[in-house]
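Asks: Dropping the structure in here first, questions after.
The values are calculated or read from the model by the stated rules, or taken from the named source; none is laboratory data. Everything numeric in this text was worked out from a predicted model, so none of it was measured. Please note: Cβ atoms are built from the backbone with ideal geometry, for glycine as well, and neighbour counts cover all protein chains shown.
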Amino acid sequence: MTESAAVEVRRASVALGGRPVLRGVDLAVVPGDFVALMGANGSGKSTLVRAMVGLRPLVGGEVRLFGTPLDEYDAWSRIGYVPQRATAGSGIPASVWEVVAAGRLTRRKLLRPLSKADRAVIDDALEVVGLADRRRDAVTNLSGGQQQRVLIARALAGEPELFFLDEPTAGVDLPNQQVLADTLGRLKERGATIVLVAHELGPLAPLVDRAVVLRDGRVAYDGPALRDHEVHQPWFAEPHTHHHHHDHVPHPSTPLGTEPHLPGDRP
Amino acid sequence: MTALQLFNEPFMQRALIAALLTGLAAPAIGTFLVQRRLALMGDGIGHVAVTGVALGLATGASPLWTAVLVAVLGAVLIEVIRERGQTNGDVALALLFYGGLAGGIFISGLGGQSAAALNRYLFGSLTTISSADVLVTMVLAIAVVGLCVGLAPQLFAVAQDQEFARVAGLRVRVYNVLVAVLAAVSVTVAMRTVGLLLVSALMVVPVATAQQLTRSFRSTIGAAMVLGTLASVGGLVAATFASYEVTVAPGPTIVLLALACYAVAWPIGIWQRHRARLREPFAPGEAVVSHEACGEHPHAHGPGCGHLAVPHDDHVDYVHDGHRHAVHGAHYDEH
Ligand SMILES: Nc1ncnc2c1ncn2[C@@H]1O[C@H](COP(=O)(O)OP(=O)(O)OP(=O)(O)O)[C@@H](O)[C@H]1O
Ligand SMILES: [Mg+2]
Ligand SMILES: [Zn+2]
Ligand SMILES: [Zn+2]
Ligand SMILES: [Zn+2]
Ligand SMILES: [Zn+2]
């Protein structure tokens, strides 16, 4: 077990509704790494991220955050989580500012008002996602992409060092994706660790150090960053096509070296 | 007896204190229930508390304390059922509600209690609140309001996005049970003024009224507490005056007053939202892409012309009849 990993997953299995969804996943992310988690719809990316933050119980294996097993882990201020397609609304109107301020709770003591520093960080987070002028609006009055940006700001407000971003750019327009990429780039320079789920990397592509591709609940590829289209090579997407190319395509479940041979790889 | 004399009566002062605190506490916790989309939970706890009151009446123990006890147990049970079962959770809740109400009426029958004794708790009653009851009510209500306001950031986060709250390290289950317990306590606080069968209205209606006009959580909970207090105290006073002629229970008066506030706020809310949508500045650009002059246009737009003027880039668009008209030389453009 490497003590130095920011997040380490060993032989993790997760079952949902009695069906195995993750099967013996191994993954270790060292501090400062930018990992892109990719794979087809339903391949288990969100489930893996949720298992890593403790939202999905494991049926086998273990997860460690900063060397501590998940059950004993309590330094949640170091973790930032942006869920996939969560609606930011609820039964009562909530302003943009209030939702983002909730992200600061990891660093607030019970029954203490927000300090000046807390407010400054919340304002910064709103500034970064470009919603500072809409802070008083009800979240439900924002568009889907704007709500997604509110959830990103909420994670930023906690000033975490380990980010789990589950498709943060889905439904976000290109200029704002670029802004997010710049922000994540700055965080990365400061040593933040980022685990990002994405189908299209877009402006985030240059930041990615390492790609992990899931297929049907198993790690199908773990190595240097891939271009978007490479993830959807037939042998990643469909489990039963590999025998047609048996001679020249590596079997998905065989461990791949650091320089994987990819079909369709162009120089 | 004149009105002034009436307000000097100790029982009336006790009733006013109870109404004031009820009006503050019930909407405070009600806001968190509505935020979780559990608006009817107060109703369920109210039904369960009927059994508690009947137990107290039958055994000679204080109905207030037995009601607190049974309501808290019922609320925690409801919370556990809610957390466990997703599919038939509401059926289980319904069983609990009806069991509570039927059990209460059954027990009070066994104990040989008159229906009138139970009725005082079902629909509220002014004249029967003892000083000891007022003291307990005060302590409990202040505890509810204090916790709701003090822990508002945490309770807000848990109700807004449970999973995010868990990743933020909040003990979600503890907060969920706390909300259930606070709801149970405020039900018993409110039972002497509004009555158990209508208590949920005071938890929900002021909140529903407030959110017609608000855009943030903080202003919603604040406005709901103000409206709840107005309805509760106002309803009590109205019921007292009406009681000169006929016997009017305070509970229904309070609830009707709260509903009247809602009826007033509802159209204002619609109009306010409509206006806010209309006045929102238009997104920049777009207009430059295509030039489309509007045809026949006898009316001259300008400041105070009677049409809504909405900022757009460096000019204003005048909005009328589904068009956005911008001045361009001697004619108007469609933007
Ligand atoms: N709550 C649930 N109960 C039962 N099965 C579930 C549940 N959530 C997800 N699954 C199943 O688990 C599998 C993996 O889902 P997951 O959400 O992790 O996929 P994903 O890779 O994130 O997909 P996407 O790209 O669509 O976000 C899917 O087959 C899905 O049907
Ligand atoms: Mg997903
Ligand atoms: Zn023109
Ligand atoms: Zn005009
Ligand atoms: Zn215009
Ligand atoms: Zn016009």
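Asks: Pairs only if they're at least six apart or on different chains, beta carbon under 6 angstrom, first in the range A:2-23 and part of a strand (DSSP E or B), second of a type in the set (Lys, Arg); list them, first residue then second.
Replies: Close Cβ pairs (under 6 Å, with a partner that is of a type in the set (Lys, Arg)) amount to A:GLU8/A:ARG64; A:SER13/A:ARG23; A:VAL14/A:ARG56; A:ARG23/A:ARG218.
Asks: While we're here: For the condition surrounded by fewer than 18 Cβ atoms within 10 Å (Cβ to Cβ) and in the same structural domain as B:LEU147 (by TED's automatic domain parsing), what is the one hit in B:GLN13, B:GLN35?
Replies: B:GLN13
Asks: Return the residues of the range B:143-161 that are at the interface with chain A (Cβ under 7 Å from one of its Cβ atoms), within 24 Å of A:LEU162 (Cβ to Cβ) and either in a helix (DSSP H, G or I) or among the polar types (S, T, N, Q) (or both); say none if nothing qualifies. Give the derivation first.
Replies: Here is the first cut: in the range B:143-161, the residues at the interface with chain A (Cβ under 7 Å from one of its Cβ atoms) are B:150, B:153-154, B:156-157, B:159-161.
Okay, now just the ones that are also within 24 Å of A:LEU162 (Cβ to Cβ), so B:153-154, B:157, B:160-161.
Hits for the range B:143-161 are B:PRO153, B:GLN154, B:ALA157, B:GLN160.
Asks: Of everything in the range B:62-82 that's farther than 16 Å from B:GLY103 by Cα and surrounded by fewer than 18 Cβ atoms within 10 Å (Cβ to Cβ), which residue is nearest to the chain's Cα centre (by Cα)?
Replies: Checking each candidate, the answer is B:VAL76.
Asks: Based on what the data block shows, is B:TYR244 away from ligand 5 (no atom under 16 Å from the Cβ) and not small (Gly, Ala, Ser)? Give the steps one after another, and end with the answer.
Replies: Details: away from ligand 5 (no atom under 16 Å from the Cβ): yes; not small (Gly, Ala, Ser): yes.
When the stated conditions are applied, B:TYR244 passes them.
Asks: Right, another one. Take B:ARG171 and tell me if it is closer than 30 Å to A:LEU114 by Cα and at pLDDT 85 or above. Give the derivation first.
Replies: Values: closer than 30 Å to A:LEU114 by Cα: yes; at pLDDT 85 or above: yes.
So B:ARG171 fits the description; yes.
Asks: Please specify each residue of the range A:185-196 satisfying the condition of being surrounded by fewer than 23 Cβ atoms within 10 Å (Cβ to Cβ) and touching a residue at least 24 places away in the same chain (Cβ under 8 Å).
Replies: A:LEU187, A:LYS188, A:GLY191, A:ALA192, listed by residue number.
Asks: Is there a residue in the range B:162-171 that is in contact with a strand residue (DSSP E or B) (Cβ under 6 Å, 6 or more places away or on another chain), within 14 Å of chain A (Cβ to nearest Cβ) and assigned to a helix (DSSP H, G or I)? Don't jump to the end; show me each part of the working.
Replies: Within the range B:162-171, the first condition is being in contact with a strand residue (DSSP E or B) (Cβ under 6 Å, 6 or more places away or on another chain), and the residues that meet it are B:167.
Subsequent filtering for residues that are within 14 Å of chain A (Cβ to nearest Cβ) retains B:167.
Filter again for assigned to a helix (DSSP H, G or I), leaving B:167.
Checked the range B:162-171: at least one residue is in contact with a strand residue (DSSP E or B) (Cβ under 6 Å, 6 or more places away or on another chain), within 14 Å of chain A (Cβ to nearest Cβ) and assigned to a helix (DSSP H, G or I).
Asks: Looking at the range A:81-98, is at least one residue buried (at least 19 other Cβ atoms within 10 Å of the Cβ), more than 8 Å from chain B (Cβ to nearest Cβ), touching a Lys or Arg at 6+ places or on another chain (Cβ under 6 Å) and touching a residue at least 24 places away in the same chain (Cβ under 8 Å)?
Replies: Yes, that holds for at least one residue.
Asks: Find the residue count for the range B:317-335, including only residues that are free of Cβ contacts under 8 Å to residues at least 12 places away in the same chain and either within 14 Å of B:PRO298 (Cα to Cα) or within 11 Å of ligand 4 (Cβ to nearest atom) (or both). Full working, then the answer.
Replies: Taking the range B:317-335 as the starting set, the residues that turn out to be free of Cβ contacts under 8 Å to residues at least 12 places away in the same chain are B:321-322, B:329-330.
From the residues that got through so far, the ones that are either within 14 Å of B:PRO298 (Cα to Cα) or within 11 Å of ligand 4 (Cβ to nearest atom) (or both) too are B:321, B:330.
Result for the range B:317-335: 2.
Asks: Just for the range B:299-316: of the residues that are near ligand 4 (Cβ under 10 Å from one of its atoms) and outside any loop (DSSP other than H, G, I, E, B), which one is nearest to B:PHE282 (Cα to Cα)? Show your work before the answer.
Replies: First, pick out the residues of the range B:299-316 that are near ligand 4 (Cβ under 10 Å from one of its atoms): B:299-309.
After this cut, where a residue has to be outside any loop (DSSP other than H, G, I, E, B) as well, the list is B:308-309.
Values: B:LEU308: 13, B:ALA309: 11 Å.
So, considering only residues that are near ligand 4 (Cβ under 10 Å from one of its atoms) and outside any loop (DSSP other than H, G, I, E, B), the one nearest to B:PHE282 (Cα to Cα) is B:ALA309.
Asks: Scanning the range B:38-60 for residues that are crowded, with 24+ Cβ neighbours inside 10 Å and within 14 Å of chain A (Cβ to nearest Cβ), which turns out farthest from B:THR193 (Cα to Cα)?
Replies: Top of the filtered list is B:MET41.
Asks: Which residues, taken from the range B:206-242, are of a type in the set (Val, Ile, Thr), over 21 Å from B:GLY150 (Cα atoms) and more than 14 Å from chain A (Cβ to nearest Cβ)?
Replies: B:VAL233, B:VAL237, B:THR240
Asks: Output the residues belonging to the range A:122-137 that are buried (at least 21 other Cβ atoms within 10 Å of the Cβ) and modelled with pLDDT of 90 or more.
Replies: Filtering the range A:122-137 for residues buried (at least 21 other Cβ atoms within 10 Å of the Cβ) gives A:122, A:125-126, A:129, A:131.
Within the range A:122-137, A:ILE122, A:ALA125, A:LEU126, A:LEU131 meet the criteria.
Asks: Please specify each residue of the range B:317-335 satisfying the condition of being closer than 18 Å to B:ARG275 by Cβ, not acidic (Asp, Glu) and not in a strand (DSSP E or B).
Replies: To start, the set of residues in the range B:317-335 that are closer than 18 Å to B:ARG275 by Cβ comprises B:317-322, B:324.
When the remaining residues are screened for being not acidic (Asp, Glu), the result is B:318-320, B:322, B:324.
Across the range B:317-335, the qualifying residue is only B:GLY322.
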